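What follows draws every value from the coordinates through simple rules; no lab data is involved. Here the structure is a predicted model, which is why all the values come from computation and not from measurement. Quick reminder, even Gly has a Cβ in these numbers, built from the backbone with ideal geometry, and neighbours come from all protein chains shown.
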Amino acid sequence: MTAAHTLQPVALAASASPRGPARPALDDRKPMIECRGVQKYYGDYHALRGIDLTIREGEFFSLLGPSGCGKTTLLRTIAGFEGIDGGVVLVDGRDMANVPANVRPTNMVFQSYAIFPHLTVAENVGFGLRRDPRSRAEKAAAVDDALDMVGMKGFGGRAAHALSGGQRQRVALARALILKPKVLLLDEPLSALDRKMREQMQVELIKLQRQVGITFVLVTHDQEEALVMSDRIAVMFEGEIAQLDGPEALYARPASRRVADFIGVMNFMPARIVGEGADHVTVAVPGFGTVDIPAANVSRADRGDAGPSIGFRPEAATLLPMGAEAPGRVTEGVIDEVVYYGDMTYYDVIMDGSDDYDGVPHEVRISMRNVFGREVPDVGTRVRVSWSPGSLVLFR
Amino acid sequence: MATGNGTETGQGLRLIAPPLLYAILLLAVPLLTILAYSFFKDGYLTIVREFTLENYLATWADPIFRTILVRSLMVAAMVTAVTVLMAFPVAYFLSFVVAPERKALWIFLITIPFWTSYLVRVFLWKVILGFNGVINSGLKANGLIDEPLKFLLYNTGSIVMTLSHSYAPFAILPIYVALEKIDRSLLEAGRDLGESRLMTFWRVTLPLAMPGVVAAVLIVFIPTIGDYVTPTVIGGGKIPMVANLIQAQMLDIDNKPLGSAVAISAMAVVTALSLAFLFLNRRFLKVRA
């Protein structure tokens, strides 16, 4: 009985993020950015097809999508570098229609960082303080504080062109944050960094955002980055928002098959709907048999999908040796492929009877954390697979 | 490692050997000859190979040389100022306004004047500005003037106009290259950090374009000081510049050592001024974007 409860959290564990304890509920905070029906054309190309979203004060918000989906265009319309051809953009309740980029209460961290190569680090950070009424000494102190905040204390006198990629990024952050903007816009800020640096900067950005409390809007094509850092994520495809949700909801209950495919790894299998209850849909899935999918896990299929399908995260099942007892539903199968990743291993399992459905066997990819000292099972090993109907998502 | 470098150096040397030989024979040797001549004594129709500083003393003591050198510097400075100031907007337009696929066409159009020889281009200005030239006959035909305007030709202004026209592409191209190298997101960053378009130009675009401007200044200034054709044709010989003086000493008066001393003196002044200009602009030049 208790065992049945442990399976569900395991399935969601991968979406946990280091954001720590909860802050005031998002819905109670005031809207900082509101987009209503935002349209943008480049000639005949329809870049933004009616974007509606509200980003709240102090939120870490991500625009996630493949290249060309309009996420950067949307960010640039908020910054004021691109005009819009329809709709409204409000920042802190104010219509930005006739507000040029240089007077908007937003600042940007550019993808290339856009560090001025002819200035020193301190001159870069203090660039926006020219009209600040404070004294020269006070401004210099503010620059030092900003550099200290991003871990670049003592770098003020360095020439900007002598900095590494990570240092440029920090300078770009300090240069924007010193102006205390209402919104900080970040255009793929981590894409130029190597993997180790990127992971380090992700955590630093989260900490920095909590420290300054400024609304962050991040553009990224990296779903992992968005999941790790964001309070909420808008997934965009072809100039439209496909789903706007928190990381957990996005990962566990993708609104469409396309979103599911974009976020993380997902097994897809054909499904046949065999019955419908008040709170569930009953489907036949190859290898899984007949399953009652809870109504909350029913999402829509995309145009072009052949028919209803089932999505299943690799970590939502557990592999067990033959004869072992397991909670939830248990099926059996044979390991067809093993992909070793060090900390974890992917197993492609052909479940018994998976070819009953349409005559071809269907593989399911299942991931397991590697336990130190325990051998990774080989190809051809028969295994038991434990899973729960609640971790299957139906796209219909 | 050393062997590898040696081979590479050897290869490089072999590769540049023909132009290097050419440069030594046609640039370094004549230059060193002139330098040597400037320290020799002048005998009538011969050159006495004895070391002397007399030529330099005579050159710098001569008020005509000083007047002509100052005039040359003034004309060159004016030509440089006019050329670079007019070239910058053209280069800016070319870099920021012209669509990328049209840039090649525009550069082609800008260099078209170079298809005709320098002498012909200079002479063309005489046709335009002359006593019976295009402007005068045009104005006369329309009854705007009765007598041809005489101030159009044979003065410093017309020399400056002619040289500025001739050297325009030399100024446009380096400035254009410098502007093209500017990462456009830097200009957006300038705006994003609260500066207007004008202030962004002043604080970002212009400092980053300075290497091109410095190059343009030197490329225009150095050759115009020594220009011989334009003062002769457009100045009508009445406003000689330093090259005319050197020519007169070398050929008309046939005092090659004195002519050489004038040439070396003028070169020394130009070198000193150019180095001073580079030094003043050093903070713009060390930037590696």
### Query
Once you treat every alpha carbon in the protein assembly as shown as an equal point and sum by Debye, what is log10 I(q)/I(0) at q = 0.07, 0.09, 0.10 Å⁻¹?
-0.72, -0.95, -1.06
#### Entry: Of the trypsin sites (Lys or Arg not before Pro) in segment B:197-281, those whose Cβ has at most 11 other Cβ within 10 Å and which sit in DSSP loop
B:LYS238
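Quote the FRET efficiency, to the nearest 0.05, computed for B:LEU206 versus B:LYS41 with a Förster distance R0 of 41 Å and r equal to the Cβ-Cβ distance. If you can, show how the numbers build up before the last one.
Numbers: r = 52 Å, r/R0 = 1.27.
It comes out at approximately 0.20.
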### Message
Of all beta bridges DSSP finds with both residues in chain A, what is the antiparallel percent, to the nearest 5?
### Response
75 percent
### Task
Using Cα pairs closer than 8 Å and at least 6 residues apart in sequence, work out the relative contact order for segment A:264-395, in percent.
32 percent
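For chain A, rounded, prolate or oblate, judged on the Cα gyration tensor with a ≥ b ≥ c (square roots of eigenvalues), a/c < 1.5 rounded, else prolate if a/b > b/c?
Numbers: a/c = 2.63, a/b = 1.82, b/c = 1.45.
Taking the square roots of the gyration eigenvalues as a ≥ b ≥ c, chain A is prolate.
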#### Entry: Listed pairs B:LYS126/B:LYS181; A:LYS139/A:LYS196; A:LYS71/A:LYS196; A:LYS40/B:LYS103; B:LYS126/B:LYS286 exceeding 32 Å between Cα atoms
B:LYS126/B:LYS181; A:LYS139/A:LYS196; B:LYS126/B:LYS286
### Message
Please give me the summed charge of the neighbours of B:ALA215: other residues whose Cβ is under 15 Å from its Cβ, Lys and Arg +1, Asp and Glu -1.
### Response
+2
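With a length cut of 30 Å (Cα positions projected on each helix's long axis) and a Kyte-Doolittle mean of at least 1.6, go through chain B and give me the DSSP H helices that pass.
What comes out of the filter, once short or polar helices are dropped, is B:63-92, B:256-280.
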### Message
For B:LYS238, give me every one of the aspartates and glutamates with a C-alpha distance below 13 angstrom, ignoring sequence neighbours fewer than eight places off in its own chain.
### Response
none
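What are the DSSP H helices in chain A that stretch 27 Å or more along their long axis, judged by alpha-carbon atoms, and whose average Kyte-Doolittle hydropathy comes to at least -0.5?
On the way: long enough: none.
Both cut-offs are met by no helix.
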#### Entry: Förster radius 45 Å - calculated FRET efficiency between B:LEU15 and A:GLN211, Cβ distance, rounded to 0.05
0.20
### Query
Does segment A:264-395 come out rounded, prolate or oblate, given a ≥ b ≥ c as the square roots of the eigenvalues of its C-alpha gyration tensor, rounded meaning a/c under 1.5 and, failing that, prolate meaning a/b above b/c?
prolate
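Tell me, what is the percent relative contact order of chain A, built from C-alpha pairs under 8 Å that lie six or more residues apart? Intermediate values should be presented prior to the final figure.
Details: 828 pairs, mean separation 65.3, N = 396.
Relative contact order here is 16 percent.
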### Message
Under 5 Å between amide hydrogens, which residues at least 5 positions from A:GLU240 or on another chain qualify, with H placed 1.01 Å from N in the peptide plane?
### Response
A:ARG49
